[in-house]
Amino acid sequence: AHLARIEAIDEKVHAFLHVDREGALAQARAVDAKKAAGEKLGPLAGVPLALKDIFTTRDMPTTVGSKILEGWVPPYDATVTKRLKAADVVILGKTNMDEFAMGSSTENSAYGPTGNPWDLTRIPGGSGGGSSAALASFEAPLAIGTDTGGSIRQPAAVTGTVGVKPTYGGVSRYGMVAFSSSLDQGGPCARTVLDAALLHEVIAGHDPLDSTSIDAPVPPVVEAARNGSVQGMRVGVVKQFSGEGYQAGVVQRFNESVELLKSLGATVVELDCPSFDLGLSAYYLIAPSECSSNLARFDAMRYGLRVGDDGTKSAEEVTALTREAGFGDEVKRRVILGTYALSSGYYDAYYGSAQKVRTLITRDFEKAFEQVDVIVSPTTPTTAFPIGERADDPMAMYLADLCTIPTNLAGNAAMSLPCGLAPEDGLPVGLQIIAPAMKDDRLYRVGAAVE
Ligand code: GLN
């Protein structure tokens, strides 16, 4: 049914870069055979899933939305891919994304944009717009995303779906193509809080192949999702997540959510987190710096595209020609910015300062979580904007992640879930819930209560 749905509508939505029809049917048949033989089935046996094209898959191409990896089929599965297969999930294919996960609209994909199923002329968010669009258009009931500065939560918000950025280190990064290694985190996307929890449990947990993977039990997310409640909880509302630039309908739905939390027995506490105002600036130094180092591996020798290798040019020339042709504008912009920020003489002023701001933001969170159990905010300042509207204005694009970035800088956990439609445009609004590190279960407890 999901393959038929994809065939019927994905030409319009363009959520998928690659649909593995035969592979998906084979996986589904294998589940049937296991069942017939009375073998033990995995926890998500037979459930179809859309996988962001940033995770390596040994039986499907992995492009990361870039021309530089066009046609590359990795020789190994990411840990997330492996765990999905072990859970007997049916992987339908790979979803569209901003090139190397750099963007907030999926317009930076080298393979063309994805449409928002609510209005195909609008963006589905980014970088993981393909995964959330697949959910919103009923092409898949589950999906996987990655969140470096908001790329799971922001697409969830603007497509009316659920997305969770687990605690940093909660889900293995092994085989997840690196953008900004100290911020990148894979996580579950779904249409309900409980579905997200069931997927979270399957992909999370310690992995010796990722040195930053947390060696501790996975927080009890499924149990929390089954027992939604905010009775007696202290919920924080941060002053810095409001003001200029927030759409009226987004603020209205957010305020209604706060009232709902109160009526369900939560105490609301106002919080001041002054360093959050510096989050965007710090992020746009740290993420490009790490990306400039991570993307050095795309040198035309190791993987994918190779341009100008005609026997007359040096290796450096071939590398330069390949990068010129293979990387898009946003990737080039960030590599240049990051290289500059890390260069001798500027390192302390830029990268060093950004790291100090990161510490201040972490301390703001620590202070906040002495007073509250979770923080809530709008996920994004506005609803989905029209395709093309911010394409030539990187600063306007970067603002889409204003509310999501502090969490990545501090490494704690956050969820976005739908909280209604904005009255002025009828488009979905996302409610963000933020919890301390390794308290991911609180997201699900609160999310299930207000869903
Ligand atoms: N929009 C942010 C960026 O462009 C975040 C992307 C992400 O989370 N991968 O970097």
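The values are calculated or read from the model by the stated rules, or taken from the named source; none is laboratory data. Here the structure is a predicted model, which means the values were calculated and not measured. All Cβ positions, even for glycine, are placed from backbone atoms using ideal geometry, and neighbour counts span all protein chains on display.
Only one residue in Ala101, Ala133, Ala143 is more than 11 Å from the chain's Cα centre (by Cα) and either of a type in the set (Lys, Arg) or assigned by TED's automatic domain parsing to the domain that holds Ala410 (or both). Which one?
None of the other options fit; the residue is Ala133.
Kindly provide the set of residues from region 51-108 that are assigned to a helix (DSSP H, G or I) and among the hydroxyl-bearing types (Ser, Thr, Tyr), ordered by number.
From region 51-108, those assigned to a helix (DSSP H, G or I) are 67-69, 79-86, 99-101; that's our starting set.
Within region 51-108, Thr79, Thr81 qualify.
Would you mind stating whether Ala134 is among the hydrophobic types (A, V, I, L, M, F, W, C) and either within 23 Å of Asp425 (Cα to Cα) or outside any loop (DSSP other than H, G, I, E, B) (or both)?
Working: among the hydrophobic types (A, V, I, L, M, F, W, C): yes; either within 23 Å of Asp425 (Cα to Cα) or outside any loop (DSSP other than H, G, I, E, B) (or both): yes.
For Ala134, the condition - among the hydrophobic types (A, V, I, L, M, F, W, C) and either within 23 Å of Asp425 (Cα to Cα) or outside any loop (DSSP other than H, G, I, E, B) (or both) - is met.
Could you identify the single residue in Val164, Val218, Val222 that is among the β-branched types (Val, Ile, Thr) and crowded, with 24+ Cβ neighbours inside 10 Å? Quick ask: steps written out before the conclusion?
Numbers: Val218 fails: crowded, with 24+ Cβ neighbours inside 10 Å; Val222 fails: crowded, with 24+ Cβ neighbours inside 10 Å.
None of the other options fit; the residue is Val164.
How about region 181-196: which of its residues are surrounded by fewer than 24 Cβ atoms within 10 Å (Cβ to Cβ) and within 11 Å of the ligand (Cβ to nearest atom)?
The answer is Leu183, and nothing else.
Given region 342-451, what helices (runs of 4 or more DSSP H) lie entirely inside it while holding 2 or more residues that are within 16 Å of the ligand (Cβ to nearest atom) and within 29 Å of Leu285 (Cβ to Cβ)? Please lay out each step first, then the result.
Details: elements: 353-371, 394-398, 405-410, 440-450.
Passing ranges, in order: 353-371, 394-398, 405-410.
Hey, could you check region 86-98 for residues that are more than 13 Å from the ligand (Cβ to nearest atom) and of a type outside the set (Gly, Ala, Ser) and say which is farthest from the chain's Cα centre (by Cα)? Write out each step before concluding.
Here is the first cut: in region 86-98, the residues more than 13 Å from the ligand (Cβ to nearest atom) are 86-96.
Imposing the further condition that a residue be of a type outside the set (Gly, Ala, Ser) reduces the set to 88-92, 94-96.
Details: Asp88: 23, Val89: 20, Val90: 21, Ile91: 18, Leu92: 19, Lys94: 14, Thr95: 12, Asn96: 12 Å.
Checking each candidate, the answer is Asp88.
Just give me the residues in region 285-325 being within 16 Å of the ligand (Cβ to nearest atom), surrounded by 19 or more Cβ atoms within 10 Å (Cβ to Cβ) and either assigned by TED's automatic domain parsing to the domain that holds Ser104 or over 30 Å from Gly245 (Cβ atoms) (or both), in sequence order.
Leu295
Suppose the filter is surrounded by 24 or more Cβ atoms within 10 Å (Cβ to Cβ), of a type in the set (D, E, K, R) and modelled with pLDDT of 95 or more; does Asp119 pass it? Full working, then the answer.
Details: surrounded by 24 or more Cβ atoms within 10 Å (Cβ to Cβ): no; of a type in the set (D, E, K, R): yes; modelled with pLDDT of 95 or more: yes.
It is false that Asp119 is surrounded by 24 or more Cβ atoms within 10 Å (Cβ to Cβ), of a type in the set (D, E, K, R) and modelled with pLDDT of 95 or more.
Keeping to region 267-281, report how many residues are under 20 Å from Ala400 (Cα atoms) and either β-branched (Val, Ile, Thr) or buried (at least 23 other Cβ atoms within 10 Å of the Cβ) (or both).
Step one: list which residues in region 267-281 are under 20 Å from Ala400 (Cα atoms), which gives 273-281.
Keeping just the survivors that are either β-branched (Val, Ile, Thr) or buried (at least 23 other Cβ atoms within 10 Å of the Cβ) (or both) gives 276, 279.
Summing the residues that are under 20 Å from Ala400 (Cα atoms) and either β-branched (Val, Ile, Thr) or buried (at least 23 other Cβ atoms within 10 Å of the Cβ) (or both) in region 267-281 gives 2.
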